[in-house]
Amino acid sequence: MRKVTIIIDGYNLIRQVPALLSIEGRGLEAGREALLDRLFLYKSGRRDEITVVFDGPGDRGYFARGGIRVQFAPSADEAVVALAGPGTLVVSSDLE
């Protein structure tokens, strides 16, 4: 199985999936956790590298959860563009 690098605009994806958006209604952290839970299940048995970027103070840095890298950046849009390279799968509804 080929390894794929996936970069996700976290809040953007949450707000495109009704079930996640509903959970986010309880709070931003609840929405983030629900998304990460689903991504962890997706990643099971795969070699894919997944990075989820959320808008937030950049001083929060990043952490790994279940093999998924989570990064906070002042602008998730800019961070996603900076992280993406040739062959990267970007998950976002932003046109850039």
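The values are calculated or read from the model by the stated rules, or taken from the named source; none is laboratory data. What you see is a predicted model; the values in this text were computed from it and never measured. So basically every Cβ, Gly included, is an ideal-geometry build from the backbone, and we count neighbours across all protein chains shown. Surface accessibility is based on the protein's heavy atoms, side chains included, excluding ligands, DNA and RNA. Shrake-Rupley method; radii C 1.70, N 1.55, O 1.52, S 1.80 Å.
If both residues of a DSSP beta bridge must be in the chain, then about 20% of such bridges are antiparallel. For segment 16-45, the list of trypsin sites (Lys or Arg not before Pro) that fall in a loop by DSSP and count at most 14 other C-beta atoms within 10 angstrom reads Arg26. Thr88 sits among other residues whose Cβ lies under 12 Å from its own Cβ, and their net charge, with Lys and Arg +1 and Asp and Glu -1, is -1. Taking all protein chains together and rolling a 1.4 Å probe, Tyr11 ends up with roughly 20 Å² accessible.
Taking N as the residue count of the chain, its C-alpha radius of gyration divided by 2.2 N^0.38 Å amounts to 1.02.
Put Asp77, Asp9 in order of accessible area, highest first, and with a 1.4 Å probe you get Asp77, Asp9.
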